[in-house]
């Protein structure tokens with residue numbers, strides 16, 4: 001006899017009843033722990049998808065499963081084309097070009113600077129000391145106004161000048177400006193106190209000499225000088241001072257304020273020095289001790305020659321820009337100037353005979369070997 005009493009469902013049957021039987025279209029029976037595993041798989045899949053977006057090559061590798069097949073090789077080739085281009089290899093000769101460029105820049109920088117000399121010396125281009133650019137005339141005599149005048153010059157150089165006549169006091173100031181400029185690049189501001197400048201020039205203190213200094217710097221600013229020589233190979237035209245600025249203030253006593261002044265020089269002036277090979281160093285204290293303008297001119301002229309030749313009085317007077325009425329007067333002026341040079345120790349001995357021939361011997365203590 002059949003037993004009609006239903007049996008209590010077992011735990012497995014209960015789950016089957018609630019979820020549906022597999023054979024009847026229900027979902028597969030879930031096992032304990034499958035929810036956690038699925039979550040982990042989804043997280044890993046999301047992470048892999050993110051990596052695939054960043055790495056196209058990996059995406060194609062995972063799609064094929066083999067990086068050695070044709071599609072893998074194509075993917076690798078495509079990835080290689082997407083890589084940034086490598087820097088071009090250094091070609092042979094690039095190092096030499098770089099060294100030549102550095103040498104060129106160093107030369108250009110050197111051409112913008114003067115040489116360095118000691119505090120007790122001053123220096124000027126030979127062409128400026130061997131001609132009548134800075135004459136030996138008395139500064140109390142009225143100055144000439146010159147326009148494109150070729151002035152007397154010793155040697156193979158030519159000097160053409162435009163401006164008010166320059167004299168030895170102008171050269172004193174220009175030498176001092178050059179002295180300050182040796183510490184920096186030409187064309188940059190040279191700053192100084194007018195009081196200190198007057199002290200270096202051994203001028204008396206006072207507004208009168210401040211005005212004199214201002215007048216000379218203004219005169220140097222308005223010059224136009226053309227230098228021609230074989231060693232330059234071309235003409236060089238420049239102003240002895242490119243720019244001059246001064247204080248225009250007055251104090252309560254009506255005297256000009258002792259403020260900072262500024263001077264700038266043309267960078268091309270360095271070309272005239274030729275790196276020190278075509279310039280002359282001058283003993284400053286000797287020059288300052290000379291009372292006469294002709295003695296100062298002869299000091300610079302003879303300093304530019306290590307072994308001076310014997311010259312005629314007329315030649316010296318002409319190149320110094322002096323004007324004399326008679327031959328006897330010329331010999332007298334030269335003799336007096338030579339005696340001054342011996343007195344300060346620049347010349348060891350000097351003579352001027354009755355024919356006007358001048359012979360000098362330099363004191364070897366004066367160290368300078370001009371070109």
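Could you list 215, 210, 223 so that the one with the fewest beta carbons within 10 Å of its beta carbon is first and the one with the most is last?
215, 223, 210
What ranking of 329, 208, 112 emerges when the number of other C-beta atoms within 10 Å of each C-beta is taken as an exposure proxy, fewest first?
With the fewest neighbours first, 329, 208, 112 line up as 208, 329, 112.
What order do you get for 41, 266 when you list them from fewest to most C-beta neighbours inside 10 Å?
41, 266
Restricted to Cα positions, what overall size does segment 108-362 have along the principal axes? Three whole-Å values, descending.
Reported extents, whole Å, longest axis first: 59, 46, 36.
At a 10 angstrom cut-off on C-beta neighbours, averaged per residue, how do the peptides 121-129, 317-325 rank from highest to lowest?
So the peptides 121-129, 317-325, ranked by packing, come out 121-129, 317-325.
Can you tell me what share of the DSSP beta bridges in segment 108-362 is antiparallel? A percent to the nearest 5 is fine.
95 percent
How many nm separate the modelled label positions at residue 112 and residue 96, each set 7 Å beyond the Cα in the direction of the Cβ?
About 2.9 nm, to one decimal.
Using per-residue counts of other Cβ atoms within 10 Å, averaged over each peptide, order 270-277, 331-338 from highest down.
331-338, 270-277
Coordinate-derived values only; no laboratory data. Remember, predicted model here, so these are calculated numbers, not experimental data. FYI the Cβ positions are ideal-geometry reconstructions off the backbone, even for glycines, and counts take in every protein chain you see.
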